[in-house]
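The values are calculated or read from the model by the stated rules, or taken from the named source; none is laboratory data. No experiment lies behind these values; they were computed from the predicted model shown. Cβ: placed from backbone, ideal geometry, glycine included. Neighbour counts: every protein chain shown. These accessible areas exclude ligands, DNA and RNA; they are computed on the full protein's heavy atoms, side chains included. Shrake-Rupley method; radii C 1.70, N 1.55, O 1.52, S 1.80 Å.
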Amino acid sequence: MKVNAAIHRAFEIGRIDDRLYAAFIEHMGRAIYSGIYEPGHPQADANGFRRDVAQMVRDLNIPAIRYPGGNFVSAYNWEDGIGPKEDRPVRLDLAWRSKESNQVGINEFAVWAEELGLDMMLAVNLGSRGISDARNFMEYVNHPSGTYWSDLRRSHGVEAPYNVKMWCLGNEMDGPWQIGHKEAKEYGRLADETAKALRQLTPGAEMIVCGSSNDEMPTYPDWERGVLEECYENVDYISLHKYFGNSSRDTLNFFGKVEETGRYIQAIAGVIDFVKAKKRAKNDVYICFDEWNVWYHKRAQDSENWKSWDWPEAPALLEEDYNFEDALFIGCLLNEFIRRSDRVKIACIAQLVNVIAPIRAEADGPAWRQSIYWPYQMASLYGRGTALRVSVDGPTYNCTVADDVDYLDVAATHDEQAGTVSLFIVNRHLDETADLRLALTGFEAATLIDHQVIEGHDLRATNGPGSEPIAPVKGQGVAVEDGTLGGALAPLSYHVVRLKV
Ligand code: AHR
């Protein structure tokens, strides 16, 4: 198929917030315990954190991490995770029907995050708890000294406050499964009052209010309107969550779900604009897409296992094996985030290790990078700077979730400081090579720095311990001449083309 495309130096979508490539990790399954933390593992450091896993995280160049939940946070007492480890209570985690040992709490997690250069994005419990506990938590985390909670932190060996800026006001409060689930108005009022209290403590702290758990919730998108009408002026972001599946094995429809995500973002951007206008507000609210990933491979098995559980500690849960098809899909999804980066400022892959994660680690065994690790890494490394509009003129297809889906999915970023342009391209066609000509208007002197490609795998192929066949390799066959990028892109292939401009 022939595809003509173009970018133009002046046609900018907007500045990409680095936090578009953030991540999420929750106290659930083996994400924390025997994921990032496993004292006694041959790779464990002095604090019990796995060096092999840490290195894989470091290589992703992630700017920030959302913690500690998720559904977990809605019945979590953060104080259970501070002070001497031997005194910490073991609790029942109501969200995931497991036991929580509390051997990792805020101070241990902060050491890990600091070592990896990650800013923490902390969620407060607005399910079983409320303003008072959120306030205490922030005082422990952010206040310098001279108060009960800040001095308690210092007595735990942490002299300087963490100065955490990003705060999530609960998690998925629209979901009937959530401990402390609320109606929109009820939650909106609580979020508003909590945000006000937290901002007294940390002026300039950024508040993230819960949107719908996904765009299939019966209350979507009225939930967002109802919540924002209560708290618009006191929040900075509204969260979106979405998980994707392909149980029907309809690859093109699966890829088309990226268009559905675009509609989701567009709808919530519209709700934000509506409430802003209604309130005559001056401030802007942006989107924080703080849970996204593929999640379907092990769902049935997990719910079966779950039935017979007797509150296990760190059970294997949501340990999806990602395949090549998922990697192509994630490439397209990240492209959509780049294209919508004028409204989406923060996005978190959910999650980071073991639980629906790009990184897997066996207890007392090796760690490995799943297929989806690579498009996430490529976007995080090279999708910085300014997002550029891309016009694509080529064949399209219709599927259940969307019409007119471009077979060739393209996003472009311009990093002015580095003097580079990056193109992220997925050929979604099942069997046709894309014969691409992409005009680089305003970048006529562009030269090729690098071309990385993931292609040629069976759609169901996966990586595993000691075997990671799905990974980028140096590409052949794209060239830049007189301001045009040309090349033949194989069916079902993922590309990152980097240009010096
Ligand atoms: O990421 C797994 C779970 O998915 C989270 O705990 C919850 O927020 C969402 O429903």
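Set Lys and Arg Cβ to +1 and Asp and Glu Cβ to -1, take the dipole of the range 118-176 about its Cα centre, and tell me which of V141, N171, S128 lies farthest positive.
Of V141, N171, S128, it is V141.
Using a 1.4 Å probe on the protein heavy atoms, what percent of the accessible area of the range 182-310 belongs to carbon and sulfur?
Numbers: 2600 of 5560 Å².
About 47 percent, which is the carbon plus sulfur part of the accessible surface.
Accessible area of R58, 1.4 Å probe, to the nearest 10 Å²?
The accessible area of R58 comes to roughly 100 Å².
Tell me the Kirkwood hydrodynamic radius of the range 384-436 in angstroms, computed as one over the mean inverse distance between distinct C-alpha pairs. Mind showing how you got there, number by number?
Details: mean 1/r = 0.0792 Å⁻¹.
After inverting the pairwise mean of 1/r, the radius is 12.6 Å.
How high is the relative contact order of the chain, in percent, counting Cα pairs under 8 Å that sit 6 or more residues apart?
It comes to 20 percent, rounded to a whole number.
Give a residue-ordered list of calculated ³J(HN,Hα) values for the range 223-239 (Karplus: 6.51 cos²θ - 1.76 cosθ + 1.60, θ = phi - 60°; whole Hz; x for Gly, Pro).
4, 4, 4, x, 5, 5, 4, 8, 9, 3, 5, 9, 10, 10, 9, 10, 8
Rounded to the nearest 5, what is the percent of antiparallel bridges among the DSSP beta bridges in the range 19-382?
Details: 8 of 41 bridges.
Antiparallel: roughly 20 percent of the beta bridges in the range 19-382.
Using the heavy atoms of the protein chains alone and a 1.4 angstrom probe, what is the accessible area of the range 19-382 per residue in square angstrom? Walk me through the numbers on the way to the answer.
Numbers: 12610 Å² over 364 residues.
Result: 35 Å² of accessible area for each residue.
Let me cross-check E260: its accessible surface, 1.4 Å probe, with only protein heavy atoms counted, in Å² to the nearest 10?
It works out to around 30 Å².
With loop defined by DSSP as not H, G, I, E or B, and exposure as at most 12 other Cβ atoms within 10 Å, which is the longest segment of the chain clear of exposed chymotrypsin sites (Phe, Trp or Tyr not before Pro)?
Working: sites that count: W177, W309.
The longest such stretch corresponds to 310-501.
Would you please give the residues with an amide H less than 5 Å from that of A357, counting only those at least 5 places away or on a separate chain, with H modeled from the backbone geometry?
For A357, the qualifying residues are E320, Q351.
Quick check: with the 1.4 Å probe, what order do H8, H27 take by accessible area, largest first?
Values: H8 60, H27 5 Å².
Listed by decreasing accessible area, they come as H8, H27.
Evaluate the charge dipole of the chain about its Cα centre and quote only its size in Debye, nearest 20, assuming +1 on the Cβ of each Lys and Arg and -1 on the Cβ of each Asp and Glu. Before the final figure, lay out the partial values.
Working: 51 positive and 74 negative charges, 168 e Å.
The calculated dipole for the chain is roughly 800 debye.
Report Rg (one decimal) and Dmax (nearest whole number) for the range 157-273, counting Cα atoms only, units Å.
In Å, with Rg to one decimal and Dmax whole: 16.6, 55.
For the range 100-124 and the range 18-41, what is the separation of their C-alpha centers, rounded to whole Å?
9 Å
Set Lys and Arg Cβ to +1 and Asp and Glu Cβ to -1, take the dipole of the range 423-465 about its Cα centre, and tell me which of L423, A434, G456 lies farthest positive.
L423
Tell me the GluC sites (Glu not before Pro) within the range 155-209 that lie in a loop according to DSSP and have at most 16 other beta-carbon atoms within 10 Å.
Numbers: sites: E159, E172, E183, E186, E193, E206; in loops: E159, E172, E183.
In loop regions of the range 155-209 (DSSP not H, G, I, E or B), the sparsely surrounded GluC sites (Glu not before Pro) are E159, E183.
Within the range 397-470, list the trypsin sites (Lys or Arg not before Pro) lying in a DSSP loop whose Cβ has at most 15 other Cβ atoms in a 10 Å radius.
Details: sites: R428, R437, R460; in loops: R428, R460.
Answer in residue order: R460.
What is the magnitude of the charge dipole of the range 156-312 about its Cα centre, with +1 placed on the Cβ of each Lys and Arg, -1 on the Cβ of each Asp and Glu, and no other charges, expressed in debye to the nearest 20? Intermediate results must be reported in sequence, preceding the final value.
Values: 19 positive and 26 negative charges, 56 e Å.
Charge dipole, the range 156-312, about its Cα centre: 260 debye, nearest 20.
Determine the calculated [θ] at 222 nm for the chain from helices alone, applying -39500 (n - 2.57) to every DSSP H run no shorter than 4 residues and normalising by the residue count; nearest 500 deg cm²/dmol. Can you show the working numbers first?
Numbers: 10 runs with 130 residues, N = 501.
Calculated from helices alone, the mean residue ellipticity at 222 nm is -8000 deg cm²/dmol.
What fraction, in whole percent, of alpha-carbon pairs in the chain exceed 34 Å separation? If you can, show how the numbers build up before the last one.
Working: 44556 of 125250 pairs.
Distances greater than 34 Å cover 36 percent of the Cα pairs.
For the range 233-384, what is the charge dipole size about the Cα centre, in debye to the nearest 20, if Lys and Arg each add +1 at the Cβ and Asp and Glu each add -1 at the Cβ? Intermediate values should be presented prior to the final figure.
Numbers: 19 positive and 22 negative charges, 196 e Å.
Once rounded to the nearest 20, the dipole reads 940 debye.
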